[in-house]
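Read the structure below first, then the notes.
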Amino acid sequence: MTSIIYLIPISIGLGLCALLGFFWSVHSKQYDNMESDAHRILEAEDKPMSDLQRGALNRMDETS
């Protein structure tokens, strides 16, 4: 029963920290542009691998 005396303030403090973190993220505009990253992933253009990149990849495969 005495552990409740410690657990209730700790849980309230953690909840307030989470709430303050959420308000900080909204205030610093973390949620302003939710669309561009999703579209950029879907519309990414595949570029062919250059000879330099292909050689580096082959060297990495040989060392493993």
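The values are calculated or read from the model by the stated rules, or taken from the named source; none is laboratory data. This structure is a prediction, so every number in the text was calculated from the model and none was measured. All Cβ positions, even for glycine, are placed from backbone atoms using ideal geometry, and neighbour counts span all protein chains on display. Please note that ligands, DNA and RNA were not included when accessible areas were found on the heavy atoms of the full protein model with its side chains. Shrake-Rupley method; radii C 1.70, N 1.55, O 1.52, S 1.80 Å.
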Dipole magnitude of the chain about its Cα centre (Cβ charges: Lys, Arg +1; Asp, Glu -1), debye to nearest 20: 360 debye
For residue 19 and residue 41, what is the calculated FRET efficiency with R₀ set at 30 Å and r taken between the beta-carbons, to the nearest 0.05? 0.45
Ignoring ligands, DNA and RNA, what accessible area per residue does the chain give at 1.4 Å, in Å²? 100 Å²
For helix 51-63, report the angle its Cα long axis makes with the longest principal axis of the Cα atoms of the chain; keep it between 0 and 90° and round to the nearest 10°. 70 degrees
Evaluated over the chain, the Cα radius of gyration and Dmax, each in Å: 24.5, 69
Give me the percent of the accessible area of the chain that comes from carbon and sulfur atoms, probe 1.4 Å, all protein chains in place. 65 percent
To the nearest 500 deg cm²/dmol, what mean residue ellipticity at 222 nm is calculated for the chain from DSSP H runs of n ≥ 4 alone, each contributing -39,500 (n - 2.57), summed and divided by the residues? -23500 deg cm²/dmol
